[in-house]
Amino acid sequence: MVTSRRSFQGTLSIDVMPRLCEMLAAPEGTAVYELDFGRDELGVAWLDVRAKAPLTLICQRSLEPFVLPVAVESRLGLIRHEHEEAALPPGYEPLLVAEDGKLNPLEVIEDELLLALPLVPVNPDSAVPDEVTSPEPEIDSGARTDNPFAVLRELKK
């Protein structure tokens, strides 16, 4: 694929990506992808991955599901040994390929979508709950509370 500079494009149902589905509220929708293989002027084999997908997540502010449109675009440097990572040009992310040189495009697309998920998903249209935004009740400073260290003060005497 690299030598012949092959390109692939198509669609994938979200429910065929099991690791991604574990992170979603609902495994609905379709991912659109483009994969381009090639080799740069330094001889480094690369894979360009572009994917777009509407992912259903749980908002951590409102705890309700929402659809987050995710788009990824990355250039992966294809390496066979971990020590080759240091030789990759800037802008390349390493992708460790099996000794036989084969990789599973579905897994690559799933990995890139997983990396694009936010750590804490928040629906930009959700509002902060009233409990969080309401002012704190004022503490009556005139009321005296017992000092928990008063017993220690007595022992010190």
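Structure data summary
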| read-out | value |
| --- | --- |
| Residues of segment 18-37 that turn out to be of a type outside the set (A, V, I, L, M, F, W, C), farther than 17 Å from PRO105 by Cα and in contact with a helix residue (DSSP H, G or I) (Cβ under 9 Å, 6 or more places away or on another chain), as a count | 3 |
| Inter-residue pairs, beta-carbon under 9 Å, first in contact (Cβ under 8 Å) with a residue 60 or more places away in the chain and in segment 30-55, second surrounded by 13 or more Cβ atoms within 10 Å (Cβ to Cβ) and of a type in the set (Phe, Trp, Tyr), 6+ apart | LEU47/PHE37; VAL49/TYR33; ALA51/TYR33; ALA53/TYR33 |
| Some residue of segment 85-98 being in contact (Cβ under 8 Å) with a residue 40 or more places away in the chain, under 24 Å from PRO18 (Cα atoms) and buried (at least 16 other Cβ atoms within 10 Å of the Cβ) | yes |
| Residue satisfying condition, being under 29 Å from THR11 (Cβ atoms) and not acidic (Asp, Glu), within set LEU42, LEU63, LEU88, LEU76 | LEU76 |
| Flag for LEU78 being surrounded by 13 or more Cβ atoms within 10 Å (Cβ to Cβ) and under 16 Å from GLU107 (Cβ atoms) | yes |
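No lab work stands behind these numbers, since they all come straight from the coordinates. Predicted model only: the values in this text are computed from it and were never measured. We place every Cβ from the backbone using ideal geometry, glycine too, and count neighbours over all the protein chains shown.
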